[in-house]
């Protein structure tokens, strides 16, 4: 049995030694959601695809990069060198 959340979507990766599925939401949807939460000062939580060795799936990393770029471009986050 897998845990499900909004709309019956499965949020748990339980298949050992298999690819983590791609993010459930598009970059555009995640960016809009985070901006809306920021506008209303609402705390949020993002779930990431993660492997048994604790590495994050590349598709999730790329989506976080897109979110970072979008928020910095909108002046939401301070621009810092990493």
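The values are calculated or read from the model by the stated rules, or taken from the named source; none is laboratory data. Remember, it's a predicted structure, so these values are computed and weren't measured experimentally. Every residue, glycine among them, receives a Cβ derived from its backbone with ideal geometry; neighbour counts consider all protein chains shown.
Can you tell me which residue within segment 46-75, out of those that are modelled with pLDDT under 85 and loosely packed, with under 13 Cβ neighbours inside 10 Å, is nearest to residue 21 (Cα to Cα)? The qualifying residue nearest to residue 21 (Cα to Cα) is 47. What do you reckon, is residue 8 surrounded by 13 or more Cβ atoms within 10 Å (Cβ to Cβ) and either over 17 Å from residue 67 (Cβ atoms) or at pLDDT below 85 (or both)? Answer is no for this residue.
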